[in-house]
Amino acid sequence: MDRTYDGRSVRMLTLIDEYTRECLTIDVARKINAMDVVERLADLFVFRGTPKYIRSDNEPEFVSKKIRHWLKVSGVQTLYIEPGSPWENEYNTIRPHSSLNYRPPAPEAIKLECLENAIFRS
């Protein structure tokens, strides 16, 4: 959460692929609720496939009964980060990441996608 120049709050929903460190989406709105999270996750599940796990913080929109039920029905297990350990890495194309041998995430995601496509075509 952040505030604009006039003091009004702004929320950001940032979804990152833990494996590639690619930022999948950043949604910015004055208010983000559980249904907004479900809608964005559903879009990503269609586009990228359904993951085995979703890791999130303990914000109300992630621990609500609605989202936990939807994830369970979708076959996705939940993992929560420890309070006070916010995720970072909201970057894709320039800033290197140590887990990727100091390469930026987006090119690694493209390589992975190309590799997966080559495997599926074989």
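Extending 7 Å from Cα along the Cβ direction at Val28 and again at Leu79 yields two label points whose distance is 3.0 nm. Under the simplified labelling scheme, the Arg11-Ala42 pair shows an inter-label distance of 1.7 nm, with each label point 7 Å from Cα along Cα→Cβ.
Ordering Tyr5, Tyr102, Tyr19 by the number of other Cβ atoms within 10 Å of each residue's own Cβ, fewest first, gives Tyr5, Tyr102, Tyr19.
No lab work stands behind these numbers, since they all come straight from the coordinates. Just so it is clear, the structure is predicted and the values come from calculations on it, not from any experiment. As a convention, Cβ positions derive from the backbone with ideal geometry for all residues, glycine included, and neighbour counts pool all protein chains shown.
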